[in-house]
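Read the figures in this text as sums done on the coordinates, not as results from a lab. As the structure is a computational prediction, the values presented were derived from the model and not from experiment. Virtual Cβ from ideal backbone geometry, glycine too; neighbours counted across all protein chains shown.
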Amino acid sequence: MTVRIGVIGTGAIGREHMNRVKNRLSGAEITAVTDIDPKAAQRALDDLGIQANFYPDDQALINAEEVDAIFVTSVGPAHEETVRKAIKAGKYIFCEKPLSVTAKGCKTIMQDEMEYGKRIVQVGFMRQFDTGYEQLKQAIDSKLIGEPLMIKCAHRAPEVDAAYTTDMAITDTLIHEINILHWLLADNYVSVQVLYPRKNKHALPHLRDPQVIMLETESGVLIQAEVSVNVKYGYDIQCEVVGEEGIVSLPETESVKLRHKGKQSTDILQDWKVRFQDAYDKEIQVFINQVAKQEDLHGPSAWEGYVAAVTSDACVKAQESGQREPIELESVPAFYTTEKTEAQLS
Ligand code: NAI
Ligand code: ISE
């Protein structure tokens, strides 16, 4: 079966995913698009050389006969309503983060999915498909470094536009660390505090940057996560896990080593699209493969979307209060606890 995909939101990442389906992945085609800006949708189709039907809104696209699955790549606040409509229609959903901008919204989606009775929602937490993070997880799970004690990580970007606000350091940026560290440790967060170091002179007046987010987990692992979005030198993702008997770190990205004019150097990537290209490819290929088999999805679930939303709400509260804030999760429904096998994730 060739999976027929409808894309809702043809902006930056919508186009990226359309391009990978057309040019890098197998087993799927883009058959429908919609965007509140029809010209943007048409431009995306023209630029990518894709022939697909345009629909005036998400519901019309979801209902279309030539759509088996949808990509929700519109802006965050629009995700919840679209995902709920698609579950109702029984269409498979790949939804970019955030699943919903509220924890309540994520719970409603889980409720809808459980009532539907099949896992048909995958959230775009692509780092779970990144080779470096997979290696970190293997090292932690095999107890190679004993029990993890501390994590030091950083999410650094060269610059952001004027629309980026202080809370977006959490809801747009740190949300990836929130998900990936929860996945790595399989340990729930219990509290968070946010600290603000000296401000970077390149940050716009309305923005507090950098930020240091201190998370604590149930088993007592302490996490120090830095978000810096004006570092100028490049896009840089770091993660070091300190265990009882060793330390394991995210590998640096591949680059030739240059010896030139008395110096030795390697390149630093500039862009998230390039840094996680393989991970994006893999998350979407896994989605396509599972839709083709019409089976339950096993990629990042609506439950993980909920965990991220609850945690990010507490982080934003901690940004405002300056205090250590509790993080309280409900227990995970059995519907979301099925073990994933290697085969299901390939
Ligand atoms: P963007 O602003 O470039 O594109 C969003 C598109 O959605 C625009 O074309 C806009 O007109 C359209 N849109 C807005 N509301 C809509 C609605 N109700 N129905 C249909 N179309 C609508 O934004 P970008 O950067 O592509 O981000 C989209 C989503 O993807 C965000 O939730 C963002 O957080 C997420 N994202 C995830 C990344 C990842 O690494 N997983 C990377 C970049 C973005
Ligand atoms: C963007 O929205 C993403 O999700 C990228 O993965 C992230 O690294 C970037 O900083 C965000 O702006």
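I need the helices of the chain that pass two filters: whole DSSP H segments spanning 18 Å or more by Cα along the axis, and mean Kyte-Doolittle score no lower than 0.0. Mind dumping the intermediate values first?
Details: long enough: 76-89 (21 Å, -0.79); 103-116 (20 Å, -0.83); 277-292 (22 Å, -0.37); 302-321 (28 Å, 0.07).
TM-like helix candidates: 302-321.
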Net charge within 13 Å of L207 by Cβ-Cβ distance, Lys/Arg positive one each and Asp/Glu negative one each, not counting L207 itself? -2
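Work out, step by step, the length gained on full extension between Q294 and K104: first 0.36 nm times the residue separation, then minus their alpha carbon distance; give nm to one decimal.
Numbers: separation 190, 0.36 × 190 = 68.40 nm, distance 2.84 nm.
Gain in length upon complete extension: 65.6 nm.
Between Q270 and A89, what length in nm is gained on full extension when 0.36 nm per residue of separation is reduced by their alpha carbon distance? Show your work: numbers first, answer last.
Working: separation 181, 0.36 × 181 = 65.16 nm, distance 3.97 nm.
Stretched out fully, the Q270 to A89 stretch lengthens by 61.2 nm.
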S255 paired with K201, simple spin-label distance in nm, labels 7 Å along Cα-to-beta-carbon: 2.4
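Could you work out the local net charge near R4, counting Lys and Arg as +1, Asp and Glu as -1, over the other residues with Cβ closer than 11 Å to its Cβ?
-3
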Mind giving me the FRET efficiency for E29 and A163? R0 is 30 Å, r the Cβ-Cβ distance, nearest 0.05 is fine. 0.35
Expressed in nm², what is the orientationally averaged projection area of the convex hull enclosing the Cα positions of the chain? 19.0
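Please say if the stretch 80-160 is rounded, prolate or oblate, where rounded means a/c under 1.5 for a ≥ b ≥ c the square roots of the C-alpha gyration tensor eigenvalues, and otherwise the choice is prolate for a/b larger than b/c and oblate otherwise? Don't jump to the answer; show the numbers that get you there.
Values: a/c = 2.58, a/b = 1.80, b/c = 1.43.
It comes out prolate by the Cα gyration axes.
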What's the magnitude of the charge dipole for the stretch 69-160 around its Cα centre, counting Lys and Arg as +1 and Asp and Glu as -1 at the beta-carbon? Answer in Debye, nearest 20. 140
For Q111 paired with Q238, estimate the spin-label separation in nm (one decimal), with each label point 7 Å from Cα along the Cα-to-Cβ line. 4.4
If you place +1 on the Cβ of every Lys and Arg, -1 on the Cβ of every Asp and Glu, and leave all else neutral, what size is the dipole of the stretch 132-267 about its Cα centre, to the nearest 20 Debye? 860
Only helical DSSP H runs with n ≥ 4 go in: add -39500 (n - 2.57) per run for the chain, normalise by residue count and round the 222 nm mean residue ellipticity to 500 deg cm²/dmol. -10500 deg cm²/dmol
Local net charge near L195, Cβ-Cβ under 15 Å (Lys/Arg +1, Asp/Glu -1): +1
Taking 8 Å as the Cα distance limit and 6 or more residues as the minimum spacing, I'd like the relative contact order of the stretch 132-267 as a percentage. 36
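As a quick test, which of the pairs K22/K97; K199/K232; K85/K118; K88/K118 have an alpha carbon distance above 20 angstrom in this structure? Mind dumping the intermediate values first?
Numbers: K22/K97 22 Å; K199/K232 14 Å; K85/K118 15 Å; K88/K118 12 Å.
In this structure, K22/K97 lie more than 20 Å apart at Cα.
On full extension of the chain, what length is gained from V75 through D47, given 0.36 nm per residue of separation minus the C-alpha to C-alpha distance? If you can, show how the numbers build up before the last one.
Values: separation 28, 0.36 × 28 = 10.08 nm, distance 2.11 nm.
That works out to 8.0 nm of additional length.
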